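Scroll down for the structure; my scribbles are underneath it.
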Amino acid sequence: MRVIEEPDKETVSRRAAEFLAELVRRRPDCVLGLATGSTPLGLYQELIHQHREEQLDFSQVVTFNLDEYVGLPPTHSQSYRHFMQENLFSQININPENTHVPDGRALDFEAHCEQYERAIQEAGGIDLQILGVGGDGHIAFNEPGSSLGSRTRLKTLAPETVRDNARFFESEQEVPRLAITMGVGTILESRRCLLMACGLNKARAVQATVEGPVTAQVTASALQLHRDVIVIVDHDAASMLARREYYREVEEAERRLRAERSSQPS
Ligand code: GLP
């Protein structure tokens, strides 16, 4: 895992946007895995900015979102489809047909989940998957105890997740108890994963993700099995990492190497 520490949420967002924009420029028809939650909001703002000011072109980009609440129509203010429309899709030149979010109102969930997996395959697989992390270390809605080989499926939210996400609803009662989520196995098949985390309330989850044992109790820890993972954290979220100094040294050494290489005549 490559761990990049940045001062704050703004710089974390900018750094994540650099990776994403570089991919979109290099491969205009790339497949992006997208996440919801408060963490990636700054990243989406930065992408919108680059689209408007620097002509970052999303016309051929294909996206797949990680998850969706069951029972909420796409128009509901707290549905993840609505979140994506508001915070990204409606503000860039992406083709709406290329954007995929699981349908929380599907009648046959099993068939819908299988179809979602197939659509990812048919698009050629996910090139870069953006991830946030829950306070208990979950990715997407893969709650503690989820199989590390799991695929897209229906999942019951853990009580902590319901409590955490109640801030977006009028009351805890209104938070859906079920979601459709990509599985840990689905996520691990992405060519590259980029996990973002900010704030002291994520410090324990980040430590367990990066340095803890690989365990289904912290589904983000399964990323240790992936060969290309970038973790971008702010100072607060990095505060419990035991090897923090080392991660900084690695980044500094790589930065020096890149600078040396780019100053050499080609
Ligand atoms: C939910 C989402 C996750 C997200 C997590 C953290 O559980 N399903 O994908 O990572 O919330 O959200 P936030 O970024 O708001 O802290």
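Per the listing Leu225, Leu148, Leu257, the residue uniquely touching a strand residue (DSSP E or B) at 6+ places or on another chain (Cβ under 9 Å) and either modelled with pLDDT under 95 or hydrophobic (A, V, I, L, M, F, W, C) (or both) is Leu148.
Is it true that Leu23 is modelled with pLDDT of 95 or more and either more than 18 Å from Leu131 (Cβ to Cβ) or crowded, with 18+ Cβ neighbours inside 10 Å (or both)?
For Leu23, the condition - modelled with pLDDT of 95 or more and either more than 18 Å from Leu131 (Cβ to Cβ) or crowded, with 18+ Cβ neighbours inside 10 Å (or both) - is met.
For region 116-136, enumerate the residues that are within 16 Å of the ligand (Cβ to nearest atom) and on the phi > 0 side of the Ramachandran plot. Hits for region 116-136: nothing passes. Only strands (runs of 3 or more DSSP E) whose full extent lies in region 165-266 are considered here, and the ones with at least 1 residues that are buried (at least 18 other Cβ atoms within 10 Å of the Cβ) and either charged (D, E, K, R) or free of Cβ contacts under 8 Å to residues at least 60 places away in the same chain (or both) are 229-234.
Within region 158-179, being among the charged types (D, E, K, R) and near the ligand (Cβ under 9 Å from one of its atoms) holds for Asp164, Arg167.
The rows are residues; the columns are (1) aliphatic (A, V, I, L, M); (2) closer than 30 Å to Gln115 by Cβ.
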site: Phe168; (1), (2): no, yes
site: Gly183; (1), (2): no, yes
site: Ala242; (1), (2): yes, no
site: Ser263; (1), (2): no, no
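Can you find a residue in region 160-174 that is more than 29 Å from Tyr247 (Cβ to Cβ) and either among the hydroxyl-bearing types (Ser, Thr, Tyr) or within 18 Å of the chain's Cα centre (by Cα) (or both)?
Narrowing region 160-174 to residues more than 29 Å from Tyr247 (Cβ to Cβ): 162-163, 165-174.
Still in the list and also either among the hydroxyl-bearing types (Ser, Thr, Tyr) or within 18 Å of the chain's Cα centre (by Cα) (or both): 165, 171.
So far as region 160-174 goes, yes, one or more of its residues are more than 29 Å from Tyr247 (Cβ to Cβ) and either among the hydroxyl-bearing types (Ser, Thr, Tyr) or within 18 Å of the chain's Cα centre (by Cα) (or both).
Mind checking whether some residue in region 29-47 is at pLDDT 95 or above, closer than 19 Å to Arg227 by Cβ and of a type in the set (D, E, K, R)? Within region 29-47, none of the residues are at pLDDT 95 or above, closer than 19 Å to Arg227 by Cβ and of a type in the set (D, E, K, R).
Anything in region 16-43 that is in a loop (DSSP other than H, G, I, E, B) and within 16 Å of the ligand (Cβ to nearest atom)? List them, or say none. Full working, then the answer.
Here is the first cut: in region 16-43, the residues in a loop (DSSP other than H, G, I, E, B) are 27-30, 35-40.
Within region 16-43, Ala35, Thr36, Gly37, Ser38, Thr39, Pro40 qualify.
Summed over region 139-157, the residues that are touching an Asp or Glu at 6+ places or on another chain (Cβ under 9 Å), more than 9 Å from the ligand (Cβ to nearest atom) and of a type in the set (Gly, Ala, Ser) give a count of 0. Checking Leu194 against (1) within 12 Å of the ligand (Cβ to nearest atom); (2) within 12 Å of the chain's Cα centre (by Cα), which test does it fail? Every condition holds for Leu194 apart from (1). It is to be established whether one or more residues within region 49-57 are closer than 24 Å to Glu122 by Cβ, buried (at least 19 other Cβ atoms within 10 Å of the Cβ) and either modelled with pLDDT of 95 or more or not polar (S, T, N, Q) (or both). For region 49-57, residues closer than 24 Å to Glu122 by Cβ, buried (at least 19 other Cβ atoms within 10 Å of the Cβ) and either modelled with pLDDT of 95 or more or not polar (S, T, N, Q) (or both): absent. Taken together, Glu245, Glu189, Glu211 contain a single residue that is more than 16 Å from the ligand (Cβ to nearest atom), closer than 18 Å to Pro144 by Cβ and among the acidic types (Asp, Glu), which is Glu211.
The values are calculated or read from the model by the stated rules, or taken from the named source; none is laboratory data. No experiment lies behind these values; they were computed from the predicted model shown. Methodologically, a virtual Cβ is constructed for each residue, glycine included, from the backbone with ideal geometry; neighbour enumeration extends over all protein chains shown.
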